[in-house]
Amino acid sequence: MEGAGYTRWIQIRTRVENDAVVIEVEDNGVGMDEATRQRLFEPFFTTKDADRGTGLGLSIIYAIVRNHDGESDVESEQGVGTTFRVMLPTFRDR
Ligand SMILES: Nc1ncnc2c1ncn2[C@@H]1O[C@H](COP(=O)(O)OP(=O)(O)OP(=O)(O)O)[C@@H](O)[C@H]1O
Ligand SMILES: [Mg+2]
């Protein structure tokens, strides 16, 4: 089923797992090296040309997830693809 015959694909999955909503975004793009992976969530960090990326996309996502007491992680392999995972708790003690 993965990719369903498309050359380039992004698959978005959601599910409820214990007390969290899990959202996964997987692609079969270029992937990233370890140095990029470590700086992903840094504001203004981008590997794109200046007129193409601001480097703000993932730092904004990181802030939103943190503000909801969530967690995120990423798995990536160069030349294979990347999976981002966000977990948002469905219950909060405040
Ligand atoms: N799905 C992905 N596959 C490979 N590399 C990625 C992926 N998502 C992010 N990256 C890497 O992380 C960097 C930072 O991502 P981020 O979304 O914060 O900024 P951007 O995409 O460069 O710019 P913006 O989102 O502001 O347009 C990217 O420049 C790229 O190197
Ligand atoms: Mg981006």
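The values are calculated or read from the model by the stated rules, or taken from the named source; none is laboratory data. Just so it is clear, the model here is predicted, and its values are computed rather than measured. Every residue, glycine among them, receives a Cβ derived from its backbone with ideal geometry; neighbour counts consider all protein chains shown.
General observations
- Test set (1) in a helix (DSSP H, G or I); (2) away from ligand 2 (no atom under 13 Å from the Cβ) - Leu58 fails condition number: (2)
- Some residue of the range 31-47 being away from ligand 2 (no atom under 12 Å from the Cβ), part of a strand (DSSP E or B), small (Gly, Ala, Ser) and surrounded by 14 or more Cβ atoms within 10 Å (Cβ to Cβ): no
- Given (1) part of a loop (DSSP other than H, G, I, E, B); (2) surrounded by 13 or more Cβ atoms within 10 Å (Cβ to Cβ); (3) within 16 Å of ligand 1 (Cβ to nearest atom), number of the condition Glu75 does not satisfy: (1)
- Taken together, the criteria exclude Asn67 from residues that are more than 9 Å from ligand 1 (Cβ to nearest atom), surrounded by 14 or more Cβ atoms within 10 Å (Cβ to Cβ), among the polar types (S, T, N, Q) and at pLDDT 95 or above.
- Residue in the range 20-40 that is among the acidic types (Asp, Glu) and within 8 Å of ligand 1 (Cβ to nearest atom) present: yes
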